[in-house]
Each structure stands twice: as C-alpha cells, then as structure tokens.
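Undergrad: Following this message is one structure expressed as structure tokens.
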Amino acid sequence: MRIADRTVLSWALYDWANSVFATTVMAGFFPVFFKEYWSAGASATVGTFRLGVANAGASVVILLLAPVLGAIADAGGARKRFLAFFATLGIVMSAGLYLVAHGAWVLAAVVYALAVIGYSGANVFYDALLVEVATPDHYHRVSALGYALGYLGGGLLLALNVVMVQRPAWFGLTDAAQAVRIAFPLVAVWWAVFSVPLLRNVREHRTRPMRGAGHSVRRGLKQLAETLRHVRRLRFVGQFLVAYWLYIDGVDTVVRMAVNYGLELGFHAGDLLLALLVTQFVGFPAAIVFGRLGQRWGPRASIFVAIGVYMLVLVWAARMRDTTDFYGIAVAIGLVQGGIQSLSRSLYARLIPPDKAAEFFGFYNMLGKFAAVLGPLLMGWVGWATGSPRLSILSLVSLFLAGGLALWFVDEEAGRLEAARL
C-alpha cells in the first residue's frame with residue numbers, strides 16, 4: 001500500500017479538514033472571545049465558569065454517546081453516514097457562531113457545545129474508517145499521515161486568522177472583533193470543503209444489510225453490551241486502554257494548561273499564541289517521522305520514546321526561566337504530540353477485531369474525551385498545597401510514568417491473536 005493512494009489521502013484529508021476547529025475555535029479564539037464579547041460585563045471568574053459549563057456539557061454528551069454511536073455504526077455499516085451527520089452539525093454550528101450577538105453568552109455556549117459534539121462525534125467514525133483504508137501493517141503510517149496533515153492544515157488557517165486579528169485593515173475589516181467573528185465561518189468552509197474527498201473516495205464494506213433507524217439503534221445498543229463483554233475478554237485491549245487513559249490525560253493536560261502555566265510565570269499572551277503556532281508546524285513533519293519510526297521499531301516502542309520526551313519536557317518546564325525556554329518546549333512538544341496520538345490510534349487498531357472497529361473506537365474516543373481530568377486536578381491540588389506552579393506542572397510526570405508502566409505489559413502480537421479468536 002502506497003501512502004499516495006487516493007483512498008488513503010482522502011481519508012487523511014479529513015484530519016486536515018477538521019483540525020482547524022480544534023486549533024482556531026477550541027484552542028484559539030472561542031475562549032477569549034467568549035469572555036470578552038459574549039460574556040462582556042461579567043467578571044473573569046463568571047466568564048470562566050460559563051465556558052467550563054459549555055465544555056463540560058459537550059464532553060458529557062460525547063462521553064455517553066461515543067460507545068453507543070460506534071456500536072450503531074458497526075451494526076448498520078454506516079460509518080460514513082454518521083461521520084457526515086456529525087461533521088455537518090459541527091460545520092453548521094461553527095458558522096453559526098458568526099451570527100451570535102454581543103452579550104448573548106447562553107446562545108454562544110449552546111452553539112459552541114453543539115459544534116464540539118459534532119466535531120467529537122464525527123471523529124468516532126473517522127477513526128473507525130482507518131481499518132477500511134489501510135491494512136494492519138500500515139495503520140501506523142496512515143494514522144500518522146492524518147495527524148500530520150491535521151497539524152499543517154490547522155496551523156495554516158490559524159496563522160491566517162491570527163494575522164486577520166492583528167491586522168484587520170489589511171483584509172478590509174473594521175476591527176479585531178470582526179476578524180474573530182469571520183474566522184468562525186472560515187473554519188466551517190474549510191472543514192466542509194476538505195471533507196468531500198473522504199465522503200467521495202473512501203468505500204465502506206458493510207458487515208450487515210442496512211435496516212431502518214430504529215432497528216439500527218436497538219441492534220447498536222445490544223452490540224454495545226456485547227462490546228463490554230468483549231473488552232473484558234480481550235486482556236491486552238483492556239490493558240492498553242488503561243495505559244492510554246493515563247498518558248493521554250497527561251498529554252491533554254499539557255495542551256490545555258500550558259497557556260495558563262505560562263501566564264502564571266509572567267509570559268506575554270502573544271508569545272504563548274506564537275508558541276501554539278510553532279507546535280502546530282513542528283508537529284506536521286514530526287508526525288510523519290513518527291509514522292516511519294512506528295514502521296521500523298513498532299508503535300509500542302515509539303510511544304515509549306514519546307512518553308520519555310514528555311517527561312523530560314515537564315522537568316524542563318518546571319525549571320523554565322524565559323521565553324527561549326518556552327519556545328524550546330513548544331518545539332519539543334510538537335516533535336512528539338502528533339506521534340503519540342497517531343501511534344496510539346494505530347496500535348489500538350491492531351489490537352481490536354476489524355469488524356467491530358467503530359464500537360471499539362467508541363470506547364477509545366470516550367476515554368480520550370474523559371482525559372484531562374486527573375491532570376488538571378493533580379496540578380491544581382499540588383499548586384494549592386505547595387504554592388508552586390513549577391511543582392504543579394512537574395506532578396504530571398506521574399501520569400506518564402503510570403501510563404508507561406501499564407503499556408509495558410501490553411503484548412501486541414498476543415493481543416492480535418486474541419482479537420482474531422474473538
């Protein structure tokens with residue numbers, strides 16, 4: 001299988017398509033604009049609480065829906081249809097943020113939460129389609145290609161949007177607020193256009209005849225109960241999921257708390273945004289390189305390398321003194337962030353039964369959405385108990401240590417034999 005195959009590229013382009021939502025909307029503009037425009041007049045703590053409710057609400061919905069949706073998709077053989085439905089929801093809601101009026105924080109929160117549900121729901125079926133476009137020996141390379149294109153696409157549009165906000169007159173805009181509002185429909189258009197190749201070129205093999213929606217729901221719920229039993233029977237899948245939940249909690253906490261940590265140390269917000277761009281563009285070639293490392297060393301060994309780098313980065317961050325250190329850390333994270341994500345996905349794909357990929361990836365995505373729970377709590381408690389933000393960031397090393405230890409006991413070959421016998 002060649003990476004240049006049309007089907008593979010079409011699948012990977014969906015990462016290029018939807019990553020702009022994660023970078024421009026989720027990580028970039030929505031949190032700031034929500035506080036300063038839609039929650040104008042409210043205190044900073046109230047604005048933070050409202051934003052937290054929006055994020056938590058969307059996360060809870062996805063947490064509950066992900067395994068059910070995966071089971072339904074496998075039962076009906078309709079992964080592309082479900083992906084199209086949820087992607088459309090995310091696209092429409094992203095564009096809809098442009099229409100939300102100043103001060104309408106409730107509507108903004110609801111529209112944003114629906115967009116996150118669309119983004120996250122579509123990813124359940126996108127991940128499950130990996131088994132349709134690649135053979136097991138190529139999962140890691142194809143998965144890495146998707147993450148690499150995601151980093152590049154997300155970074156390119158984010159860079160354009162940042163320039164629009166900083167220099168609105170160059171684009172015929174009145175001010176930065178108008179530039180931010182326009183960024184939301186730009187994300188929607190980008191996401192929609194680059195989703196077309198997957199929908200047109202990726203063919204799905206139906207495992208069962210298509211039935212009515214009600215039948216699919218009932219069959220899906222029944223299959224979900226079966227999957228719970230399957231996970232208990234697949235020892236190495238269960239061990240991997242425990243390991244993944246621990247170390248990906250550390251990864252997601254670094255992503256979500258890095259800006260806050262930098263501000264606590266007195267760094268300028270502009271430097272933090274630039275560091276985000278650095279991470280995106282370094283992540284593009286690095287994800288490709290990690291895919292090749294996965295091909296040569298195996299995904300499990302390469303994940304260990306990424307875990308080791310993260311632990312060193314956290315020690316570095318605890319001793320950080322100036323912006324030079326911060327940019328160095330941004331580069332280091334960019335080198336391994338896409339790799340640990342893509343190779344985790346491909347290793348998991350090799351451990352599960354291919355004909356039950358969507359339901360098993362439902363569990364996988366559920367854990368991913370439930371990540372960044374232990375990490376922020378751990379950082380908050382250590383920071384409160386010691387009064388030191390440096391010790392709080394250092395505490396995340398424990399998550400990577402625990403995740404690496406759990407991963408040590410995952411035997412890939414034995415896991416593949418278990419899946420084949422199921």
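Undergrad: Out of (1) surrounded by 22 or more Cβ atoms within 10 Å (Cβ to Cβ); (2) hydroxyl-bearing (S, T, Y); (3) out of contact with any Phe, Trp or Tyr (no Cβ under 8 Å at 6 or more places or on another chain), the odd one out for T324 is which?
TA: (1)
Undergrad: Taking the options G153, G146, name whichever one is modelled with pLDDT of 90 or more and within 23 Å of S342 (Cα to Cα). Quick ask: steps written out before the conclusion?
TA: Details: G146 fails: modelled with pLDDT of 90 or more.
The match here is G153.
Undergrad: Got a number for residues in the stretch 13-38 being in contact with a Gly (Cβ under 6 Å, 6 or more places away or on another chain), modelled with pLDDT under 90 and buried (at least 24 other Cβ atoms within 10 Å of the Cβ)?
TA: Matching residues across the stretch 13-38 total 1.
Undergrad: Right, another one. In this structure, is V111 over 20 Å from R345 (Cα atoms), among the β-branched types (V, I, T) and touching a Gly at 6+ places or on another chain (Cβ under 7 Å)?
TA: yes
Undergrad: In addition: For residues that are within 15 Å of the chain's Cα centre (by Cα) and open to solvent by 10 Å² or more (accessible area, probe 1.4 Å), scanning just the stretch 146-160, find the one that is nearest to R300 (Cα to Cα).
TA: In this case the residue turns out to be Y147.
Undergrad: With respect to V106, is the statement that it is within 20 Å of K35 (Cα to Cα) and under 13 Å from the mean Cα position of the chain (by Cα) true?
TA: Criteria not met by V106.
Undergrad: Return the residues of the stretch 399-413 that are in a helix (DSSP H, G or I) and of a type outside the set (D, E); say none if nothing qualifies.
TA: L399, F400, L401, A402, G403, G404, L405, A406, L407, W408
Undergrad: Test F363 against the stated conditions and say whether it is under 24 Å from G155 (Cα atoms), surrounded by 23 or more Cβ atoms within 10 Å (Cβ to Cβ) and modelled with pLDDT under 80.
TA: no
Undergrad: Next question, about the same structure. Looking at the stretch 109-142, which of the residues that are under 21 Å from R81 (Cβ atoms) and of a type in the set (D, E) is most open to solvent (accessible area, probe 1.4 Å)?
TA: If we take residues in the stretch 109-142 being under 21 Å from R81 (Cβ atoms) and of a type in the set (D, E), then E132 is most open to solvent (accessible area, probe 1.4 Å).
Undergrad: A122 - would you say it is part of a helix (DSSP H, G or I), in contact (Cβ under 8 Å) with a residue 60 or more places away in the chain and under 13 Å from N18 (Cβ atoms)?
TA: So A122 passes the test.
Undergrad: Would you pick out the residues in the stretch 163-194 that are β-branched (V, I, T) and under 21 Å from the mean Cα position of the chain (by Cα)?
TA: V187, V189, V193
Undergrad: From the list G334, G383, which one is in a helix (DSSP H, G or I) and touching a residue at least 24 places away in the same chain (Cβ under 8 Å)?
TA: G334
The values are calculated or read from the model by the stated rules, or taken from the named source; none is laboratory data. Keep in mind that this is a model prediction, so the values were computed, not measured. A quick note on method: Cβ atoms are made from the backbone with ideal geometry, for glycine too, and the neighbour counts reach across all protein chains shown. Just so you know, the surface numbers come from the protein's heavy atoms only, side chains and all, with ligands and any DNA or RNA stripped out. Shrake-Rupley method; radii C 1.70, N 1.55, O 1.52, S 1.80 Å.
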